[in-house]
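Here is the structure we will look at, set down as structure tokens.
The values are calculated or read from the model by the stated rules, or taken from the named source; none is laboratory data. The structure displayed is predicted, hence computed values, not measured ones. Positions of Cβ are generated from backbone atoms using ideal geometry, with glycine treated the same way; all protein chains shown enter the neighbour counts.
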Amino acid sequence: MSIISGSLPPISRHNELSLGSEVESISTSITGNWSWYNKLLGNVVWNFKNNSAYPETAALYRSGYYFGNAYFPIYLENGVTTWATKLAPSMNRGTDRNIVPLGIVDFGQGQRIIAFLFTLDPGESWSMVEGGFSVKSPPSNSALFGVTLEKAASFCIRYDPQQVTDYDKQTSTLLKGYSPNPITVRTVEVSITSFAQYVQLFSKDSITESPCKDQKETVIEATNEVAPGDIEEIIATIVKKIRSF
């Protein structure tokens, strides 16, 4: 199991970003680009570097939405990621084994989403694989938006079951999202630069800053048992293009 997301139906933006392999850096010293990891399978590598003298964290926008906002219930249930409990650099196990945690991104005015949070040490370079693209539909309009820590707290997080239905339909799998839904999770909330546009893919997703009723706090742990080459083998068994609903 690996990060398979890629292109979804276009979401209109007032300001389009870069169309090439370079990633725009907005309110962050983390720079990035993407390159093909396996063009036949539609897998790309995201390459990041922190050019500052301080640790920095950013969220990645590409192809119309923020990386991690689609299909996070499946990623969590299947051990591909976990919830961030602090902003700390991810261990660098190598491009084909690296994973990144999820957190809550606050756009203000009650607008929140779930997304991957990339934290890099000063001068650190870090990369990971994402699948679901194609030669005709590579990553587009990509940008790294700087985020800053607001707090670590307990949240009641509900996901739209349509996420799981769409993922299984597109990949010809029978995977499940985590349960119960909703669930109480302790994780971090970060504020994102005001230059970032709020985009929420699934309307029934919700995030409340309080525990769910009659639930204890839950932390979903990620597995580290991913060997080099596993990503290639697993992706090869599922549809290489995840594009339209």
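If you check Pro139 against the conditions, is it modelled with pLDDT of 85 or more, touching a strand residue (DSSP E or B) at 6+ places or on another chain (Cβ under 7 Å) and under 28 Å from Asp96 (Cα atoms)?
Working: modelled with pLDDT of 85 or more: yes; touching a strand residue (DSSP E or B) at 6+ places or on another chain (Cβ under 7 Å): yes; under 28 Å from Asp96 (Cα atoms): yes.
Considered against the rule, which asks whether it is modelled with pLDDT of 85 or more, touching a strand residue (DSSP E or B) at 6+ places or on another chain (Cβ under 7 Å) and under 28 Å from Asp96 (Cα atoms), Pro139 comes out as yes.
Pairs meeting the criteria (first residue in the range 60-89 and within 15 Å of Val190 (Cα to Cα), second residue of a type in the set (A, V, I, L, M) and part of a helix (DSSP H, G or I), beta carbons under 9 Å, at least 6 apart or on different chains) are Trp83/Leu76. Val45 is checked against (1) under 18 Å from Gly132 (Cβ atoms); (2) surrounded by fewer than 22 Cβ atoms within 10 Å (Cβ to Cβ); (3) at pLDDT below 95 and fails just one. What number does that condition carry? Answer for Val45: the failing condition is (3). Given the structure, is Thr187 over 18 Å from Asn33 (Cβ atoms), over 18 Å from the mean Cα position of the chain (by Cα) and of a type in the set (Val, Ile, Thr)? The answer is no for Thr187.
Please enumerate the residues belonging to the range 61-84 that are touching a strand residue (DSSP E or B) at 6+ places or on another chain (Cβ under 6 Å) and within 20 Å of Ile192 (Cα to Cα).
Of all residues in the range 61-84, those touching a strand residue (DSSP E or B) at 6+ places or on another chain (Cβ under 6 Å) come to 61-62, 66-69, 72, 81, 83-84.
Correct list: Tyr61, Arg62, Tyr66, Phe67, Gly68, Asn69, Phe72, Trp83, Ala84.
Evaluate the range 145-156: report whether one residue or more is in contact (Cβ under 8 Å) with a residue 60 or more places away in the chain, of a type in the set (Val, Ile, Thr) and surrounded by fewer than 16 Cβ atoms within 10 Å (Cβ to Cβ).
Step one: filter the range 145-156 for residues in contact (Cβ under 8 Å) with a residue 60 or more places away in the chain, giving 145-149, 152, 154.
Filter once more, keeping what is of a type in the set (Val, Ile, Thr): 147-148.
In the following step, the residues that additionally are surrounded by fewer than 16 Cβ atoms within 10 Å (Cβ to Cβ) were identified as 148.
Checking the range 145-156: at least one residue is in contact (Cβ under 8 Å) with a residue 60 or more places away in the chain, of a type in the set (Val, Ile, Thr) and surrounded by fewer than 16 Cβ atoms within 10 Å (Cβ to Cβ).
Taking (1) without any contact (Cβ under 8 Å) to a residue 24 or more places away in the chain; (2) closer than 17 Å to Thr208 by Cα in turn, Val105 satisfies each apart from (1).
Every residue in the range 157-179 that is in a loop (DSSP other than H, G, I, E, B) and loosely packed, with under 15 Cβ neighbours inside 10 Å, please.
The first filter runs over the range 157-179 and keeps only residues in a loop (DSSP other than H, G, I, E, B), leaving 159-161, 172-179.
Answer for the range 157-179, where residues must be in a loop (DSSP other than H, G, I, E, B) and loosely packed, with under 15 Cβ neighbours inside 10 Å: Pro161, Ser172, Leu174, Lys176, Ser179.
One line per residue, one yes/no per condition, for (1) at pLDDT below 95; (2) farther than 30 Å from Thr173 by Cα; (3) in contact with an Asp or Glu (Cβ under 7 Å, 6 or more places away or on another chain):
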position: Ile4; (1), (2), (3): yes, no, no
position: Pro10; (1), (2), (3): yes, no, no
position: Glu22; (1), (2), (3): yes, yes, no
position: Ile30; (1), (2), (3): no, yes, yes
position: Leu41; (1), (2), (3): yes, no, no
position: Tyr54; (1), (2), (3): no, yes, no
position: Ala70; (1), (2), (3): yes, no, no
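The residue that is farthest from Gly32 (Cα to Cα), among those in the range 102-113 that are surrounded by 17 or more Cβ atoms within 10 Å (Cβ to Cβ) and over 8 Å from the mean Cα position of the chain (by Cα), is Arg112.
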